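The values are calculated or read from the model by the stated rules, or taken from the named source; none is laboratory data. Bear in mind the structure is a predicted one, so any value in this text is a computation, not a measurement. Here Cβ is always computed from backbone atoms with ideal geometry, including for glycine, and neighbour counts include all displayed protein chains. Note: accessible area is taken over every heavy atom of the protein model, side chains too, but ligands, DNA and RNA are not part of it. Shrake-Rupley method; radii C 1.70, N 1.55, O 1.52, S 1.80 Å.
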Amino acid sequence: MIDLKRTQYNNVLNKYKLKGGIDLFPFRILNQEQIQELLDMRTTIGLVEKAYKLKAEEDASLFPMVFHEFEPGKADMDIKSGELTGANIFGLKLVSWFGENPSKNLPAVVGTVLVLDSRTGAPLGIMSGEYITMMRTGAAGSIGAKYLARKDSEHLLLVGSGHLGPYQIIATLMNMENIKKVTVYNALSFEHANDFCTSIKDKLLSLIAPYKSTDQEFYNQMLNRIDIIFEATQDIQQATEQADIIITATPSRAPMIKKEWVKPGTHISCVGADMEGKQEIDENLFVDTKVFVDDVDQAINVGETEIPYKKGLIAENQIKAEIGSVILNKENGRTSNEDITIFDSTGISLQDLITANYLLEKAAEKEVGLLTTL
């Protein structure tokens, strides 16, 4: 895992020297289309796991989050940043949400990732953050299931049928080989959930398409894994009672999953809560479950853990571990088929940075993107 190789970087730097001995910093610009060509989900899962492990090994760190509301409930932005020491990079992702953009034929969410060299401060690359966010968030939810769900889990409940949905499903199917049914619930529209289920296989096919030419065996394996039942539901209680794995991926500010509905042995990955006040599941679920997070500070301040923490239902020392420690076998995850486990995935900058770093390396190899200078 490296950035632009040092010799390659120096060669480019020399190319852009100005008269008078002033050096310009070369950096690469990647748009969303180019990122989609370079990034696949299996690779993303590996990168996100690596980010978690680096954090657990204290070879990476997070910087304080920045959040600002331009207009409460209508427009806001946040900046997540950090450093990957082992990769010699630091950087940030800035994501803005402008709720009225769709009425202007613009996307509501706009993201930008900036990667810099931690040895010089020089910018290495800037790129669109939307596809990276979708891919790494899908990977994160599935990693929670991989390390915390029962291996024999067969029924996945996806709460939310928005843009994140296909990425959550394909990543989970890559990590959980026994899934036979996916139930989809949308609290606002059954029709939307039903349309999602009608079209989901085509979207999943597009996400595994890169492997058709690069890894036929894996492609055929994934063809079998997506050949399962996809069903929308209006009955969230029944769907919860039947689910082995639940992934919540919504902007909700009120719980949709009640404690008494969740059966022993269930795993829940919460990926929607990423700012103060968001909540997708009953805070009382945290009392008798094993709780794991991507970052403790973010979880208790802006994650699904925020509400139960502020209500005194769970203390910081009752969080079992950060997921990186489980991946490294430093901490136990599930210890019984009866355990109910929660993974609070707030989304950390290290996921974006490690993915962006990989993209810069691949783009340099393939000479993709615009190479320019500051």
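Computed quantities for the displayed model
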item: When the convex hull of its Cα atoms is projected in every direction, mean area for the stretch 241-374 (nm²); result: 11.0 nm²
item: Solvent-accessible surface (1.4 angstrom probe) belonging to S96, in square angstrom, nearest 10; result: 20 Å²
item: Label-point separation in nm, S189 to T112, each point 7 Å along Cα→Cβ; result: 3.1 nm
item: Using alpha-carbon coordinates, inclination of helix 165-175 to the longest axis of the chain, degrees; result: 90 degrees
item: Whole-Å distance, taken between Cα centres, linking the stretch 127-186 and the stretch 315-335; result: 20 Å
item: Solvent-accessible area, 1.4 Å probe, carbon plus sulfur percent, for the chain; result: 49 percent
item: Accessible area expressed per residue, the stretch 195-235, with surrounding protein chains retained (probe 1.4 Å, Å²); result: 60 Å²
item: Helix 6-15 vs. the chain, principal-axis angle (Cα, 0 to 90°, nearest 10); result: 50 degrees
item: Potential extension, Q234-E100 segment - 0.36 nm per residue separation minus Cα distance; result: 45.4 nm
item: Residue with peak Gaussian network fluctuation, the chain [Cα springs, cutoff 10 Å], from L353, L106, L285; result: L106
item: Potential lengthening between L370 and E316 on full extension [0.36 nm per residue; Cα-Cα distance subtracted]; result: 14.9 nm
item: Crossing angle, helix 130-148 versus the chain [Cα axis fit, 0-90 degrees, rounded to tens]; result: 50 degrees
item: Which of M256, M222 is most accessible, then next, and so on - probe 1.4 Å; result: M256, M222
item: Spin-label pair D288/A209, simplified geometry with 7 Å Cα→Cβ offset, distance in nm; result: 4.8 nm
item: Those residues of the stretch 90-108 whose amide nitrogen sits under 19 Å from the label point placed on K74, 7 Å along Cα→Cβ; result: 96-108
item: Karplus 3J(HN,Hα) series, Hz, for the stretch 181-188 with 6.51 cos²θ - 1.76 cosθ + 1.60 (x for Gly, Pro); result: 8, 10, 9, 10, 10, 10, 5, 9
item: Residue-by-residue Karplus 3J(HN,Hα) for the stretch 149-162, coefficients 6.51, -1.76, 1.60, Hz, glycine and proline x; result: 7, 5, 5, 8, 4, 10, 10, 9, 10, 9, 9, x, 10, x
item: Point-charge dipole on Cβ atoms (K/R +1, D/E -1) for the stretch 94-228, about Cα centre, debye to 20; result: 220 debye
item: Along principal axes, Cα extents of the stretch 200-251, largest first, whole Å; result: 42, 23, 16
item: Distance violations [Cα-Cα > 30 Å] among K181/K311; K53/K80; K55/K201; result: K181/K311; K55/K201
item: Volume per residue that the Cα convex hull of the stretch 152-231 spans, once the total is divided by residue count, Å³; result: 76 Å³
item: ³J(HN,Hα), Karplus 6.51/-1.76/1.60, whole Hz, each residue of the stretch 356-373, x for Gly, Pro; result: 5, 4, 4, 5, 5, 5, 5, 5, 5, 4, 9, 6, 9, x, 9, 9, 9, 9
item: Average accessible area per residue (Å²) across the stretch 76-173 - probe 1.4 Å, nucleic acids and ligands excluded; result: 33 Å²
